[in-house]
Amino acid sequence: MDLPIVYHPNYVAPLPPGHRFPMAKFSRLYEVLLADGVAHPAQFHQPVLPPLNWIELVHTPEYVRDYCEGTLDAKAQRRIGLPWSPQLVNRTCIAVGGTILTAHLALEYGLACNTAGGTHHAFPSYGSGFCIFNDLAIAARVLLEQGLVEKILIVDLDVHQGDGTAFIFQDEPRVFTFSMHCEVNFPGTKQHSDLDVALTEGMEDDDYLQVLGSYLPDLLAEVKPDLVFYDAGVDVHLGDRLGKLALSDRGLLCREMQVLSTCLKQGYPTACVIGGGYADDFEALVYRHSILHRVASDVYRQYR
């Protein structure tokens, strides 16, 4: 049995030429995983569209309706930063379905990876920072609702604070939110995660990994989650234009190894999403995202 990976061709929706969100990275990631022999076609699981009432476990019915019907006002649209289209609505919903499927597969097999996801800036009644619906929060709520888990830990290592996720679960004792992010970066107004670790600008590999190592094992022992959601944003990389931290490819590889082996060694099922990444070098960006799946494949074989 090989690592379960989740992908759908509709993870890509058209954007205007030159738009700064690298939408094509999702399909390119799929291609690279196949081309490099990291994965084979039978390993991929295809999500389905989630029912709207699952999305409404997190988001207000008004916001869900306005977004899906394209009637959001211009200011709310600008805050999201992605121009509306029916294809983008479909893409947004199928990506949520992907994270829900990834979570179910992680519970079944111990580890699973999405090839999208990590839209952690979406709040109950509005989207923000390229995030429309909060896939991590929706998946967490669905699993709690289905009675499949009683305690969830969200480990968010995207360079930006998972502000939407923190806000959504601020009064939910069954979900523990941990965000380790660059202090002087978007969002300007931070929310309160259950644990926030704000990093100084320009931090490099060794210091970063040391800080992570000083929190994660204790956190797992304390929370004892039935499932870990891991947001593996690669915008912590030195070459990222929205990042302000300075990790190398090697640092990313060590981070993924540290997170996944720490979780799996202790028997905690882990569902991974790829999070943010905004480098000018598109192929280098896709490779950085693929490090998660490369490491996860190795760790999965080791701990199966």
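Quick one: which of 21, 44 is under 25 Å from residue 290 (Cβ atoms), of a type in the set (Phe, Trp, Tyr) and without any contact (Cβ under 8 Å) to a residue 40 or more places away in the chain?
Matching residue, one of 21, 44: 44.
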| task | Would you check if there is a residue in region 159-169 being farther than 14 Å from residue 276 by Cα and in a loop (DSSP other than H, G, I, E, B)? | result | yes
| said: Just the residues that are in a helix (DSSP H, G or I) and closer than 17 Å to residue 119 by Cβ, please, taken from region 79-96. | reply: 79, 80, 87, 88, 89, 90, 91, 92, 93, 94, 95, 96
| Filter region 197-212 for residues that are free of Cβ contacts under 8 Å to residues at least 40 places away in the same chain and either surrounded by 19 or more Cβ atoms within 10 Å (Cβ to Cβ) or not acidic (Asp, Glu) (or both); which is farthest from residue 259 (Cα to Cα)? | 200
| query | Of all residues in region 56-78 being among the charged types (D, E, K, R) and assigned to a loop (DSSP other than H, G, I, E, B), which is farthest from residue 125 (Cα to Cα)? | reply | 73
| task | Kindly list, by first and then second residue, each pair from a residue in region 69-86 that is closer than 15 Å to residue 19 by Cα to a residue that is of a type outside the set (D, E, K, R) and exposed (fewer than 11 other Cβ atoms within 10 Å of the Cβ), limited to pairs with Cβ atoms under 7 Å and residues at least 6 apart or on different chains. | result | 83/16
| message | Can you say whether residue 250 is surrounded by fewer than 17 Cβ atoms within 10 Å (Cβ to Cβ), of a type in the set (D, E, K, R) and assigned to a helix (DSSP H, G or I), as far as the supplied structure shows? | response | yes
| remark: Being under 20 Å from the mean Cα position of the chain (by Cα), more than 26 Å from residue 229 (Cβ to Cβ) and surrounded by fewer than 20 Cβ atoms within 10 Å (Cβ to Cβ) narrows 65, 20 down to just 20
| note | Per the filter on region 17-38, residues in a loop (DSSP other than H, G, I, E, B) and over 15 Å from residue 114 (Cβ atoms) are 17, 18, 19, 20, 21, 22, 23, 24, 36, 37
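Would it be correct to say that residue 110 is at pLDDT below 95 and either crowded, with 24+ Cβ neighbours inside 10 Å or more than 12 Å from residue 5 (Cα to Cα) (or both)?
Criteria not met by residue 110.
Table: residues versus (1) of a type outside the set (S, T, N, Q); (2) surrounded by fewer than 14 Cβ atoms within 10 Å (Cβ to Cβ); (3) within 16 Å of the chain's Cα centre (by Cα).
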site	(1), (2), (3)
171	yes, yes, no
187	yes, no, no
217	yes, no, no
235	yes, no, yes
242	yes, no, no
| message | Considering only residues that are among the small types (Gly, Ala, Ser) and either in contact (Cβ under 8 Å) with a residue 40 or more places away in the chain or closer than 26 Å to residue 19 by Cα (or both), which ones fall in region 115-151? | response | 116, 117, 118, 122, 125, 127, 128, 129, 137, 139, 140
| field | Pairs with Cβ under 6 Å, 6+ apart, first in region 274-300 and closer than 12 Å to residue 256 by Cα, second small (Gly, Ala, Ser) and surrounded by fewer than 22 Cβ atoms within 10 Å (Cβ to Cβ) | value | 299/261
| note | Filtering region 213-245 for residues that are among the charged types (D, E, K, R) and free of Cβ contacts under 8 Å to residues at least 24 places away in the same chain leaves a count of 2
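Considering only region 3-16, state which residues are in a helix (DSSP H, G or I) and closer than 20 Å to residue 279 by Cβ.
11
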| For the subset of region 39-55 comprising residues that are in a loop (DSSP other than H, G, I, E, B) and of a type in the set (A, V, I, L, M), which member is nearest to residue 300 (Cα to Cα)? | 39
| field | Given (1) at pLDDT 95 or above; (2) part of a strand (DSSP E or B); (3) farther than 29 Å from residue 2 by Cβ, index of the condition residue 121 fails | value | (2)
| message | I'm trying to understand the selection: among the residues of region 40-57, which are of a type in the set (A, V, I, L, M) and within 20 Å of the chain's Cα centre (by Cα)? | response | 48, 49, 55, 57
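The values are calculated or read from the model by the stated rules, or taken from the named source; none is laboratory data. A quick note: this is a predicted structure, and the numbers were derived from the prediction, not measured. So basically every Cβ, Gly included, is an ideal-geometry build from the backbone, and we count neighbours across all protein chains shown.
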